[in-house]
1. Looking only at segment B:94-118, count every residue that is under 21 Å from B:Phe232 (Cβ atoms) and at pLDDT 80 or above and tell me the total.
2. If we keep just the residues of segment A:48-70 that are open to solvent by 60 Å² or more (accessible area, probe 1.4 Å) and not in a loop (DSSP other than H, G, I, E, B), which is farthest from B:Phe67 (Cα to Cα)?
3. At pLDDT below 80 and either of a type in the set (D, E, K, R) or in a strand (DSSP E or B) (or both), is that true of B:Glu77?
4. Identify, from the list A:Leu45, A:Leu85, A:Leu93, A:Leu109, the residue that is of a type in the set (A, V, I, L, M, F, W, C), over 26 Å from B:Tyr85 (Cβ atoms) and not in a loop (DSSP other than H, G, I, E, B).
5. Out of A:Leu237, A:Leu260, A:Leu273, I need the residue that is at pLDDT below 80, open to solvent by 60 Å² or more (accessible area, probe 1.4 Å) and part of a helix (DSSP H, G or I). Which one?
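The values are calculated or read from the model by the stated rules, or taken from the named source; none is laboratory data. Model, not experiment: these values are computed from the prediction. All Cβ positions, even for glycine, are placed from backbone atoms using ideal geometry, and neighbour counts span all protein chains on display. Accessible surface is based on the protein model in full, side chains and every heavy atom, while ligands, DNA and RNA are left aside. Shrake-Rupley method; radii C 1.70, N 1.55, O 1.52, S 1.80 Å.
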Amino acid sequence: MAVLQFFPPSSPVVSSKLHAVVLFNICDCYVRRPDQADRVIGTLLGSVSDGVIEIKNSYAVPHNESADQVALDVDYHRNMYLSHLKVNPKEVLVGWFSTGFGVSGGSALIHEFYVKELKEAQSSIPPIHLTVDTGFKNGEASIKGYVSSNLSLGDRPLAAQFQEIPLDLRMIEAERVGFDILKTTVVDKLPNDLEGMEASMERLHSLLDEIYKYVGDVVEGRVAPDNDIGRFLADTLASVPRMSPAAFDKVFNDKIQDNLALVYLSSLVKTQLGIAEKLNTAAQIL
Amino acid sequence: MANTMGRSFLQAAATSEEVAPPLRVVQIEGLAVLKIIKHCNEFLPSLVTGQLLGLDVGSVLEVTNCFPFPIREEDEEIEADGANYQLEMMRCLREVNVDNNTVGWYQSTLMGSFQTVELIETFMNYQENIRRCVCIVYDPSRSAQGVLALKALKLTDSFMDLYRNNNFTGEKLREKNLSWVDIFEEIPIKVSNSALASAFMTELEPELPVKQCDYDRLKLSTAPYMERNLEFLIDCMEDLSAEQNKFQYYYRNLSRQQAQQQTWLQKRRVENMARKAAGEEPLPEEDPANPIFKPILEPSRVDSYLITNQISNYCNQINGVATQSFNRLYLMKALHED
């Protein structure tokens with residue numbers, strides 16, 4: 001009796017993390033695609049640790065797609081891969097992306113190709129397939145990651161099943177700082193220190209407001225109390241260091257004085273520079 | 001997008017006969033910004049460089065893409081490799097319709113200490129091939145303080161002329177009224193994004209958890225950063241005083257040489273008088289073979305200018321960080337009083 005066998009991937013891939021750069025790159029490639037192409041296909045680079053695939057970089061690969069066959073420019077892919085490896089040898093092949101909603105028949109073939117590439121590189125991770133819906137089907141942007149597993153009937157390979165895995169969009173601190181700028185189409189100038197400070201403080205203020213409102217609601221019985229949140233809040237308040245006002249004032253004043261000294265020093269240096277420059281260029285000899 | 005590109009090509013072609021309008025704004029795409037940030041952060045603490053690609057349109061320099069350079073180990077054999085890598089990348093990017101005009105390069109810096117002679121040399125090299133190029137400097141340590149420390153720099157034209165003629169004497173500089181602020185010109189940066197990318201970002205924003213407030217900007221400990229800044233500042237001051245000493249030495253030599261020349265001239269004159277009285281030919285009043293007439297080279301002022309620039313940069317940074325920490329401290333005080 002033939003049994004439908006389901007082979008799970010050899011090393012369990014739990015989830016994946018996506019850097020914002022990759023998303024921007026994919027959008028840019030999509031906007032620049034040649035007119036006759038419907039979608040863009042490319043390679044994903046990154047690293048794997050503990051079953052979490054981290055996608056750090058990507059590049060588009062030219063391809064030709066017709067009704068029943070797909071042709072990918074393999075040489076281009078290999079060349080770009082080598083070039084990228086020269087810069088960062090730790091970013092290895094982890095999968096491929098395509099724009100457009102859902103997984104199509106052609107995608108299975110391309111996925112096979114990437115499986116073969118990874119096998120050549122002797123890595124045990126299965127390649128991840130990322131779809132970025134640039135057409136905004138269903139009225140929302142959907143970014144999904146898939147891992148494929150092979151379904152086979154007895155000995156005959158039947159189909160490849162694409163399972164969706166959770167995708168986490170993460171950003172490092174510096175990118176988060178610039179995130180607001182990246183949201184709009186055009187930004188006139190980069191915000192300087194003070195404006196950034198102001199924005200952070202406003203955000204903190206609004207967070208505090210929300211917590212305050214929440215606590216007020218719970219006390220008045222409008223919202224059901226949640227033990228976890230309550231404990232978390234208690235922990236947070238307890239972590240504010242308790243210092244007597246005198247001690248706090250002393251620490252505070254010391255810090256302020258240090259900072260003032262530094263500002264004074266730097267203005268002194270600047271004055272010195274002005275004088276030195278005048279002396280250097282104003283000296284007359286003869 | 002094709003329409004605007006067509007128009008700008010026409011414009012660019014039309015304006016190439018006239019004097020190019022001065023560069024006023026550098027417009028970077030979000031993609032390029034993110035790539036630069038990523039590359040610089042990955043390779044901390046070593047410094048990295050990369051190439052900027054884009055278009056030069058009127059008074060705006062658009063940077064649409066960039067790619068990083070591999071780190072060079074030794075310079076001999078990798079020279080050809082590096083050029084190959086560049087050509088390969090440009091060719092591949094051309095195939096996917098990315099603009100592959102070089103418009104400059106980017107580099108990461110440590111604590112804002114990027115004003116070196118190498119920077120000027122690189123600028124001169126680029127300027128020979130491209131009409132307008134810009135250098136983008138990214139400071140990852142300052143970005144960790146919560147500011148996007150991205151700067152676009154260009155050498156001023158007057159400085160470039162002087163440098164090409166290698167003419168850095170005090171008089172020439174006074175002539176052109178060139179002080180140390182005039183070496184580099186900072187150009188404002190504008191960030192632009194394609195509509196698709198911004199749509200994605202806006203869509204994704206509610207997915208970010210509310211807790212992701214940028215706490216790092218509100219951190220109270222600025223001491224390590226300030227300490228390093230001060231260290232660098234002190235080093236620079238030492239360098240500056242060394243340069244000053246060089247100048248003093250030069251001036252002293254010059255005045256001593258002139259005194260020597262005067263005495264020699266006096267002696268000659270006395271001799272000539274004696275000779276005239278004796279009826280012989282007077283000796284010439286100059287003697288180029290005499291070593292005291294050899295002109296002493298005035299030391300170039302480029303280095304001192306660069307150092308001055310760097311010092312002022314550090315000072316500015318210290319000021320900025322001190323202001324920020326003032327704000328933070330007062331905020332903490334307010335919180336504590338409750």
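1. Taking segment B:94-118 and keeping what is under 21 Å from B:Phe232 (Cβ atoms), we get B:107-118.
Within this subset, residues satisfying the condition of being at pLDDT 80 or above are B:107-109.
Number satisfying all stated conditions: 3.
2. Start the filter on segment A:48-70 by keeping residues that are open to solvent by 60 Å² or more (accessible area, probe 1.4 Å), which leaves A:49-50, A:64-69.
Going one step further and asking which of them are not in a loop (DSSP other than H, G, I, E, B), we end up with A:49, A:64-65.
Details: A:Ser49: 26, A:Asn64: 25, A:Glu65: 28 Å.
This residue is A:Glu65.
3. Values: at pLDDT below 80: yes; either of a type in the set (D, E, K, R) or in a strand (DSSP E or B) (or both): yes.
Spelling it out, B:Glu77 is indeed at pLDDT below 80 and either of a type in the set (D, E, K, R) or in a strand (DSSP E or B) (or both).
4. Working: A:Leu45 fails: over 26 Å from B:Tyr85 (Cβ atoms); A:Leu85 fails: over 26 Å from B:Tyr85 (Cβ atoms); A:Leu93 fails: over 26 Å from B:Tyr85 (Cβ atoms).
Going through A:Leu45, A:Leu85, A:Leu93, A:Leu109 in turn, just one is of a type in the set (A, V, I, L, M, F, W, C), over 26 Å from B:Tyr85 (Cβ atoms) and not in a loop (DSSP other than H, G, I, E, B): A:Leu109.
5. Values: A:Leu260 fails: at pLDDT below 80; A:Leu273 fails: open to solvent by 60 Å² or more (accessible area, probe 1.4 Å).
Of the residues listed, the single one that is at pLDDT below 80, open to solvent by 60 Å² or more (accessible area, probe 1.4 Å) and part of a helix (DSSP H, G or I) is A:Leu237.
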